[in-house]
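Scroll down for the structure; my scribbles are underneath it.
Each value in this text was obtained by applying a stated rule to the coordinates, not by laboratory testing. Here the structure is a predicted model, which is why all the values come from computation and not from measurement. Cβ placement follows ideal geometry from the backbone for every residue including glycine, while neighbour counts extend to all protein chains displayed.
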Amino acid sequence: MAGPGNQNSQRKPTRREFIRASAAITATLAATNSPFGIKAYAAAELSHSPLFLPPFLSRPTERSIFISALNNNQPSEAVIEVRKENATDWERRGPAQKVPEYAFFNWDVPNLSPAARYEYRVLVKRASDETFASASNGSFRTQRKGPASYKAVLITDPHTGTFAETTGPVQTLDKVIRNASQENAEFVLALGDNVAWAGSREYAQTNSRGAVSAYALYRKHIGPLTQNCPHFGIIGNWAGESGKFPEASIRMISGVRQTFLPNPNHETYPQGGSEREDYYAFSWGDVLYVMLNVQTYSKPSKPDQLPSLMADVNTIDEWTIGEAQMKWLEKTLQHATERFRFVCMHHPAGGNAGDVPNTLYGRGGARACNTGEQVRIHNLMKKHKVQIFFYGHDHVFVDDIVDGIHYALPGSCGAPWKFTKEETGYERFWPDSGHARLDVTPEKATVTFINLEGKEIHNFSVLPA
Ligand SMILES: [Fe+2]
């Protein structure tokens, strides 16, 4: 497998790109002063902490993890220290990082042991401080291999960046994050529309301000979870990376995403994936998770004749993950040795909903299994014994089964729009907000839908292939 400890040295160009993007974002952060802007809520809420955004965990492998945190409003130095659970001594990893105000600290922490729980702490020394002091801490487990028992959580569609800070949808997100944090999950899968901002699905972006603000808010609100639980994200249709936009615009917004929400890239896991961190796969215990991107590769044939600004395609046959991703998906499933296989995408690469606009918009879950390119994906899942297709987009809890494959949608963790049967076509659904818990054991994997009040509203189990 790709040696996680060597990632920095192998990825120098990406690193330089990353630093350039980081500098641009720092400038944007400093300049942003909208009601949702960084400085506005920095002054109001977080000025007491040397970190503007708490540590965020991503790319956990057997031997490493990536931890990022955003510095607050003074030039600072920071170091990261780790220790195995129950150990007494902290080990400092690497030299101190020195960054200006509102810039990211990024740590690739190597030389960890597989399937082990670690604690970490971030020590910060601001320009005005004499010594380093603990600014934040958390814990995580490194990647497991082979049959094991563990929990994961799934969330989707908070549309963070759309709603003012104290409004209902943001309170819903905070509550779901509190509930999900209590599960002691080993990672979280975020199935898309994690962020959204005015115009992000309608118009190509000409600057990164909206994305920076939305991603910063997302990091802030999921912080209590992702400080202790690595995050695996998926692109949704509001993420500003639709294939209907020019490549330069997509690239700019994906740079913001990669800075705020690092994902695995093509080198993180042996399964590979995309350099742009928009599709990838990883195993955890005896489960393969394949995370796909249907948004960026679908292009309308007649962009000037889209039925509405919210549409991304002219016909449902234009939904596609693209040939390169399709080939990679096929190869990844062919080589899978894990007995559980789950595929995740924001919505099927097709549509079959309650009405024509919602069908074109990719709604309908399992009802869409025999439409557009979802036919190919569904047949691949059937052939390679995939048990669950997890998706988002429709904002209600759904569990439908086709050919033995569960099409499971874990509700919404923020978006308040609960689509009806007339819109989605679902015969059975739960309009609650909430999250899903995944309990994996060597014998079975169980998905439980949990609403805002913490009540279990539905569950199902699948058996190993
Ligand atoms: Fe969506």
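Extending each Cα 7 Å along its Cβ direction at SER49 and ALA248, get the distance between those two points in nm, one decimal.
3.7 nm
Given a cut-off of 22 Å, name the pairs among LYS382/LYS418; LYS84/LYS151; LYS175/LYS455; LYS331/LYS385; LYS327/LYS382 whose C-alpha atoms lie farther apart than that in the structure shown.
From the list (LYS382/LYS418; LYS84/LYS151; LYS175/LYS455; LYS331/LYS385; LYS327/LYS382), the Cα-Cα distance tops 22 Å for LYS382/LYS418.
Quick one: putting +1 on the C-beta of Lys and Arg, -1 on the C-beta of Asp and Glu, what dipole do you get for the range 150-462 around its Cα centre, in Debye to the nearest 20?
260 debye
Pairs of alpha-carbon atoms within less than 8 angstrom and 6+ residues apart define the contacts here; what relative contact order does the range 150-462 have, in percent?
18 percent
Arrange ASP278, ASP439 by Cβ neighbour counts within 10 Å, fewest through most, would you?
By the 10 Å Cβ count, ascending, the order reads ASP439, ASP278.
Sort out for me the Cα centre separation of the range 298-364 from the range 79-115, rounded to whole Å.
For the range 298-364 versus the range 79-115, the Cα centre distance is 39 Å.
What spacing in nm lies between the two simple spin-label points modelled at ASP89 and ARG178, each 7 Å away from Cα in the Cβ direction?
4.1 nm
Given 0.36 nm per residue, what is the gain on full extension from ALA164 to ASP403 after removing their alpha carbon distance, in nm?
Length difference between fully extended and current span is 81.8 nm.
Expressed in nm to one decimal, what extension gain is obtained for the pair LEU463 and ALA96 from 0.36 nm per residue of sequence separation less their Cα-Cα distance?
Full-extension gain reported as 127.4 nm.
Antiparallel as a % of all DSSP beta bridges within the chain, to the nearest 5?
Antiparallel bridges make up about 75 percent of those DSSP assigns within the chain.
Could you give each residue of the range 136-149 its phi-based ³J(HN,Hα) in whole Hz, using Karplus coefficients 6.51, -1.76, 1.60 with θ = phi - 60°, and x for Gly or Pro?
Karplus values, whole Hz, x for Gly and Pro: 6, 7, x, 8, 7, 10, 7, 4, 9, 10, x, x, 7, 10.
Quick check on the exposure proxy: order CYS344, CYS413 from fewest to most C-beta atoms within 10 angstrom.
The order, fewest Cβ neighbours first, is CYS344, CYS413.
For a test of the definition: using alpha carbon positions, the gyration tensor, and the 1.5 limit on a/c, classify the range 150-462 as rounded, prolate or oblate.
Rounded.
Given axes a ≥ b ≥ c from the Cα gyration tensor, I'd like to know whether the range 133-228 is rounded (a/c under 1.5), prolate (a/b larger than b/c) or oblate.
Prolate, since a/c reaches 1.5 and a/b exceeds b/c.
With a point put 7 Å past each Cα toward its Cβ, work out how far ASN111 is from GLN171 in nm, to one decimal.
The answer from the label model is 4.9 nm.
List HIS393, HIS231 from most exposed to least, where exposure is judged by having the fewest other Cβ atoms within 10 Å.
The most exposed by this proxy come first: HIS231, HIS393.
Determine the shape class of the range 326-444: with a ≥ b ≥ c the square roots of the Cα gyration tensor eigenvalues, call it rounded for a/c under 1.5, and otherwise prolate if a/b is greater than b/c, oblate otherwise.
In terms of gyration-tensor shape, oblate.
Between GLU443 and ALA198, what FRET efficiency follows from the Cβ-Cβ distance if R0 is 56 Å, with the result rounded to 0.05?
Efficiency computed from Cβ-Cβ geometry: 0.70.
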